[in-house]
1. Sort out which residues of region 68-77 are among the charged types (D, E, K, R) and touching a residue at least 24 places away in the same chain (Cβ under 8 Å), and write them in order of number.
2. Kindly state which strands (runs of 3 or more DSSP E) lie completely within region 38-92 and contain at least 3 residues that are in contact with a Cys (Cβ under 6 Å, 6 or more places away or on another chain).
3. Going through region 36-67 one residue at a time, which ones are among the hydroxyl-bearing types (Ser, Thr, Tyr) and either crowded, with 16+ Cβ neighbours inside 10 Å or in contact (Cβ under 8 Å) with a residue 40 or more places away in the chain (or both)?
4. Which residues, counting only those in region 1-33, are more than 14 Å from the chain's Cα centre (by Cα), closer than 22 Å to HIS95 by Cα and touching a residue at least 12 places away in the same chain (Cβ under 8 Å)?
5. Can you pull out the residues in region 62-118 that are closer than 21 Å to SER6 by Cβ and not hydrophobic (A, V, I, L, M, F, W, C)?
6. Restricting to region 71-86, name every residue that is closer than 14 Å to LEU106 by Cα and small (Gly, Ala, Ser).
Amino acid sequence: MPSKRSFIDVMVKHLPPSASTLRLLDVGGQAGERLVEMRPDLKVDVASLYVPHWEYPADSVDSVVGYDVLLRPDFLAAVLDVMRPGGRMILVNPHGIVDQALVDALEQVGFVRILVEP
């Protein structure tokens, strides 16, 4: 199995380009430090894995990243709330299953333009 670092390195290719600072929410705090090494234009805030502790305004971040995060409906809905329109959620689950059920769960809470890779 690839290392955690190699999984996080793959995340960077999915971040949107930015002309200035890209606001990034790192859920669980496992990816942001490495991503900033590769993309110094990132401004990273670390979010708790426990969604009720989030105090981020709606449409306040450009992207949400997470490593080994459970995709619960409350989490997915909170991500949609804090991301600006057109924002990107980039998650890596090294032990997860990639199937249609995952796509369906994302669509049910309102995600569009979904790319799921094994």
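Only the coordinates and a few stated rules stand behind these numbers; no lab work does. Since this is a predicted model, take the numbers as computed values, not measurements. Note that each Cβ is placed from the backbone with ideal geometry, even for glycine, and that neighbours are counted across all protein chains shown.
1. Within region 68-77, the subset among the charged types (D, E, K, R) is 68, 72, 74.
Result: ASP68, single match.
2. Numbers: elements: 42-47, 61-67, 83-92.
In region 38-92, there are no strands (runs of 3 or more DSSP E) which contain 3 or more residues that are in contact with a Cys (Cβ under 6 Å, 6 or more places away or on another chain).
3. Going through region 36-67, the residues among the hydroxyl-bearing types (Ser, Thr, Tyr) turn out to be 48, 50, 56, 60, 63, 67.
If the condition is that a residue be among the hydroxyl-bearing types (Ser, Thr, Tyr) and either crowded, with 16+ Cβ neighbours inside 10 Å or in contact (Cβ under 8 Å) with a residue 40 or more places away in the chain (or both), then TYR56, SER63, TYR67 are the ones that fit.
4. Answer for region 1-33, where residues must be more than 14 Å from the chain's Cα centre (by Cα), closer than 22 Å to HIS95 by Cα and touching a residue at least 12 places away in the same chain (Cβ under 8 Å): MET1, PRO2, LYS4, ARG5.
5. Initial filter on region 62-118 (closer than 21 Å to SER6 by Cβ): 63-69, 88-98, 115-118.
Hits for region 62-118 are SER63, GLY66, TYR67, ASP68, ARG88, ASN93, PRO94, HIS95, GLY96, GLU117, PRO118.
6. Filtering region 71-86 for residues closer than 14 Å to LEU106 by Cα gives 71-81.
Listed by number, the residues that qualify are ALA77, ALA78.
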